[in-house]
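Accompanying notes for the structure given below.
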Amino acid sequence: FIQQIDDLVALAPVIPVLKIEHLEDAVPLAQALVDGGLPVLEITLRSDAALDAIRAICKEVKGARVGAGTVTNVTNLQAAIDAGSEFIFTPGATPALLAGAIAANIPMVPGIQTVSEMMTAMDFGYRRFKFFPAAAAGGTAILKSIAGPFPEVRFCPTGGIRPANANEYLCLSNVMCVGGTWLTPDDLLEAKDWDGIRELARAARSLRG
Ligand code: 3PG
């Protein structure tokens, strides 16, 4: 699955991390992000509407590449797959999840915070990781330190990434993309300001290493 993940992250430098509370927002929100140049979307399983949102976006938003995030156990994993997720992000890495995604034949980017967690996941064959929570766990300094001993590993740092610091991450050789919730601020979501969200996506699209 390494190649599939690399192909996905090559589509955009930023993966919006979305919490969709209202199902009716799912399609216009995803459309705005895709139109702004960010087609790869992580729909977190943090709301009751999440699985239906995944279904709706898969069906109705052309060009969107839809994955599930905040997948914390194999029950969630199966529900996310059944809803049509193309890939999976997790905040942490349990052996059950690491084995479960392989058994279910779906690309997964497991969340890790330490070298030992990463090495456990590497034993299962994983080489692409979500570094979470990135800023709180050491930020760019830890990623630079990991690059030496683990040159084959690449990360999607998430947690505390904003436009002001995104490029510090994106310019690292072992960072494949960054993720974050900054593309969907509460005020724009509440106002259903899809144009505003499209403009945030457009600005994020032009970030690069
Ligand atoms: C995630 O699940 O990836 C994080 O909640 C995103 O963190 P952020 O809100 O700091 O972008």
Extension length gain for Cys171 and Gln78 (0.36 nm per residue less Cα distance), in nm, is 30.0 nm
Descending packing, highest mean Cβ count within 10 Å first, for 88-96, 61-69 is 61-69, 88-96
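In debye, nearest 20: dipole of the chain around its Cα centre with unit charges on the Cβ of K, R (+) and D, E (-)?
Numbers: 17 positive and 22 negative charges, 125 e Å.
The calculated dipole for the chain is roughly 600 debye.
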Beyond 24 Å (Cα-Cα) in this structure, taken from Lys19/Lys59; Lys62/Lys130; Lys19/Lys144; Lys19/Lys62, we find Lys62/Lys130; Lys19/Lys144
Sorted largest first, the Cα spans of segment 7-89 on the principal axes come out in Å as 32, 28, 18
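Rounded, prolate or oblate: which fits segment 2-203, taking a ≥ b ≥ c as square roots of the Cα gyration tensor eigenvalues, rounded meaning a/c under 1.5, else prolate when a/b beats b/c? Before the final figure, lay out the partial values.
Values: a/c = 1.91, a/b = 1.27, b/c = 1.50.
Judged from the Cα gyration tensor, segment 2-203 comes out oblate (a/c at least 1.5, b/c at or above a/b).
Take Ser47, Ser173 and order them by how many other Cβ atoms sit within 10 Å, fewest up front.
Working: Ser47 17, Ser173 11.
Arranged by neighbour count, lowest to highest, Ser47, Ser173 become Ser173, Ser47.
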One would report the Cα pair-distance distribution of segment 169-209, bin width 10 Å, in %, as 28, 44, 23, 6
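FYI, it's all coordinate maths here, none of it is from the lab. Note that the structure is a prediction, hence the values are computed from the model and not measured. Heads up, the Cβs are rebuilt from the backbone with ideal geometry, glycines too, and the neighbour counts pull from every protein chain shown.
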